[in-house]
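The values are calculated or read from the model by the stated rules, or taken from the named source; none is laboratory data. Not measured: the values here are computed from a predicted model. Glycine gets a Cβ as well: all are built from the backbone with ideal geometry, and neighbour counts include every protein chain shown. For the accessible areas, the whole protein counts, side chains as well, though only heavy atoms, and no ligand, DNA or RNA atoms are used. Shrake-Rupley method; radii C 1.70, N 1.55, O 1.52, S 1.80 Å.
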Number of protein chains: 2
Amino acid sequence: MKRLLPRDGVLVTPMARLGVCQLLAAIWLSAAILSVAAAQNSTRDQLPSWNDGPAKQTIVAFVEKVTTEGSPEFVPPAERIATFDNDGTLWCEQPMYFQVLFAFDRIRALAPEHPEWKDKEPFKSVLAGDLKGLAAAGEKGLLETIAATHAGMTVDEFHALVRDWMRTARHPKYNRPYNQCIYQPMVELLRYLRANGFKTFIVSGGGVEFMRPWVEEAYGIPPEQVVGSSGVVKFEMQGDKALLMKEPKVEFIDDGPGKPVGINRFIGRRPIMAFGNSDGDLQMLQYTTAANVPSFGLIVHHTDATREYAYDRNSHVGKLDKALDEAKSRGWTVVSMKDDWETIFPK
Amino acid sequence: MKRLLPRDGVLVTPMARLGVCQLLAAIWLSAAILSVAAAQNSTRDQLPSWNDGPAKQTIVAFVEKVTTEGSPEFVPPAERIATFDNDGTLWCEQPMYFQVLFAFDRIRALAPEHPEWKDKEPFKSVLAGDLKGLAAAGEKGLLETIAATHAGMTVDEFHALVRDWMRTARHPKYNRPYNQCIYQPMVELLRYLRANGFKTFIVSGGGVEFMRPWVEEAYGIPPEQVVGSSGVVKFEMQGDKALLMKEPKVEFIDDGPGKPVGINRFIGRRPIMAFGNSDGDLQMLQYTTAANVPSFGLIVHHTDATREYAYDRNSHVGKLDKALDEAKSRGWTVVSMKDDWETIFPK
């Protein structure tokens, strides 16, 4: 083939021009075909684990409405903030919040160094697997459990313990790692929203340092987009090393009315979409949908006793009562896991 | 011109093909020329307000080192976190922190509604312009000033006051709006880092709600990437409206050892670059550069009494003493405003 570079003041020889022309035409055609395929793919189904039904339809209709330039309800990308509760919304929270199960595993691991725990609540009940005794220890007992297992180490050391637990521990019902007990439809939804210019945040009552080590891989949400409950952290220089030590003291509870407060503190903008599953998400949903801009609220309703769990108004975790009533008057979308989700967990 | 649509099994007629060919060649050439121009632009000078010198060279050398794939010190984009102090680092902080000047202006505006302030410190001194009297009221006086001007309203109402002040108030020396008293070299640096895959954050002792309304326009930093001091905020439903009320109570001081704590709380990753100008940034710089990964610390030294201000070890604002000593042993870059900056403010 003749060379394509300029020669004798002519860009290319006639033969080469034909070659270039065919090449360019081929590139142009391929690009056109690819872009048509991409457009079809984007409008086709980015939510394959959702059954076709009102929940999926309202999500897609809202996203199309706020992302269509020229639409009266168009929202600029910078303001497309979507906040997601974690426990019961992005991953399973039964038979108990996974962070509590992690704390119990830590207590069992640390027990040999603490012979006094055998006779001391709440540790005694945890070690005996006595859930009634633990329940009797109440919130104070739970906080003691968290303090004993979540403090007295650096943030980096704690992250390493969480990562190790995610590798080794298994969910009692599903016999799979906890970070694979995430909801496939919600993972697709997160991806779909990001593909439409949304910035996705976790806003969870769970501990922020318990989530950060694994949520980026699981959900594509980076550590700086995780809002959660937290303990006091203190800066220390140990010789030449700069360390952050976790102290056994609660700093912030990101639950209920704490969720809009946490959103304001960390994000500083009102979300236009919020996703939850319990009364702990009520104020986040109210705060998100009470503004004058277009907004969207959604509740994941656990209705699938076979594939997952069925619970709402009387549950010990993830109690959904007031928020379910309010969903009607405020027009929040209620997802029935049984009916709306074709798949629950990643395959 | 003959039509370009397929006809008789032939995609285009010979004449049309020549037309398409020339069009495609033109597009292809333009694209090639544009991309060469873009590459030249990106490698040429993205920091035009910096004089050529060791400060600029160390910045560029570090950024090239950590962004070159295959380099032993390559850092993946997700970990390219850069944190910037605001007062004295991104904008001027003389003759007094601008947020304090804002508070004084608010006190003057509110004075008619508070006749008791005429005889009550620290308000009496503020209204009389008596800086000595105000200094005598100490930190307690300053906190009272902040409480009286930064609380008792919603977050949205406070943002509106800040925006209004930015439009109307003028800096006493430069006679320009405060949000134009930002450092042009640092604005270029922020843009340069983002163009190299960095995520840029403000980590300031200033109030987070005082910064959020204007920093996106000034620095290109969105509200969710602003870490600052904060007051307690409370969620309230007023009828059907969901509000966040600012209360007159300090929640978090993001200064000194509070900076690494704030970085961990909001970002959850250790930065690889940190920029400050005072001892309030010492721990942020220590925390950033004490890790084993490649890291970079920089101090803006105010050495230009003519174009800006000259101050360090004995200043009432932005005191730079310990951090200046530590810069030598830790290898932090010290920028001399007088020598390293060709321009100070945007033109």
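Conditions (1) out of contact with any Cys (no Cβ under 6 Å at 6 or more places or on another chain); (2) within 14 Å of chain B (Cβ to nearest Cβ); (3) among the aromatic types (Phe, Trp, Tyr); (4) more than 28 Å from A:VAL100 (Cα to Cα), marked per residue:
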| residue | (1), (2), (3), (4) |
| --- | --- |
| A:ARG270 | yes, yes, no, yes |
| A:ALA290 | yes, yes, no, yes |
| A:LEU298 | yes, no, no, no |
| A:TYR309 | yes, no, yes, no |
| A:LYS328 | yes, no, no, yes |
Item to complete: Please determine, by comparing only the residues of the range A:168-211 that are in contact (Cβ under 8 Å) with a residue 24 or more places away in the chain and of a type in the set (S, T, N, Q), which one is most open to solvent (accessible area, probe 1.4 Å).
Response: A:GLN180
Discussion item. Among the residues of the range B:305-312, are any part of a strand (DSSP E or B) and either in contact (Cβ under 8 Å) with a residue 40 or more places away in the chain or out of contact with any helix residue (DSSP H, G or I) (no Cβ under 7 Å at 6 or more places or on another chain) (or both)?
Written reply: yes
Worksheet item: Among the residues of the range B:75-96, is there at least one that is open to solvent by 30 Å² or more (accessible area, probe 1.4 Å) and among the hydroxyl-bearing types (Ser, Thr, Tyr)?
Response: no
Fill in: the range B:272-288, subset within 12 Å of another protein chain (Cβ to nearest Cβ) and open to solvent by less than 10 Å² (accessible area, probe 1.4 Å), residue nearest to B:THR145 (Cα to Cα)
B:MET284
Item to complete: Being at pLDDT below 95 and assigned to a strand (DSSP E or B) is the filter here, so list the residues in the range A:231-242 that pass it.
Response: A:MET237, A:GLN238, A:LYS241, A:ALA242
Worksheet item: So, in the range A:225-243, of the ones that are open to solvent by 20 Å² or more (accessible area, probe 1.4 Å) and among the small types (Gly, Ala, Ser), which residue ends up nearest to the other protein chains (Cβ to nearest Cβ)?
Response: A:SER230
Item to complete: Identify, from the list B:TRP165, B:TRP214, the residue that is surrounded by fewer than 21 Cβ atoms within 10 Å (Cβ to Cβ), assigned to a helix (DSSP H, G or I) and in contact with a Phe, Trp or Tyr (Cβ under 9 Å, 6 or more places away or on another chain).
Response: B:TRP214
Discussion item. Under 6 Å between Cβ atoms, which residue pairs at least 6 apart in sequence (or on different chains) link something in the range A:89-104 that is within 21 Å of A:LEU282 (Cα to Cα) with a partner that is small (Gly, Ala, Ser) and part of a loop (DSSP other than H, G, I, E, B)?
Written reply: A:GLU93/A:GLY318
Worksheet item: So which residues in the range A:261-281 are part of a helix (DSSP H, G or I), of a type outside the set (Val, Ile, Thr) and in contact (Cβ under 8 Å) with a residue 24 or more places away in the chain, if there are any at all?
Response: A:GLY262, A:ARG265, A:PHE266, A:ASP279, A:GLY280, A:ASP281
Item to complete: Taking the residues in the range A:244-256 that are more than 11 Å from A:GLY228 (Cα to Cα) and crowded, with 18+ Cβ neighbours inside 10 Å as candidates, determine which candidate is nearest to the other protein chains (Cβ to nearest Cβ).
Response: A:LEU244
Worksheet, complete the sentence: Restricted to the range A:148-162 and to residues being over 16 Å from A:ASP105 (Cβ atoms) and of a type in the set (Gly, Ala, Ser), the residue least open to solvent (accessible area, probe 1.4 Å) is A:ALA151
Discussion item. Every residue in the range A:291-323 that is farther than 27 Å from A:TYR174 by Cα and crowded, with 19+ Cβ neighbours inside 10 Å, please.
Written reply: A:SER295, A:PHE296, A:GLY297, A:ALA323
Item to complete: Just give me the residues in the range A:258-267 being out of contact with any Leu (no Cβ under 9 Å at 6 or more places or on another chain) and either open to solvent by 10 Å² or more (accessible area, probe 1.4 Å) or among the small types (Gly, Ala, Ser) (or both), in sequence order.
Response: A:GLY258, A:GLY262, A:ARG265, A:PHE266
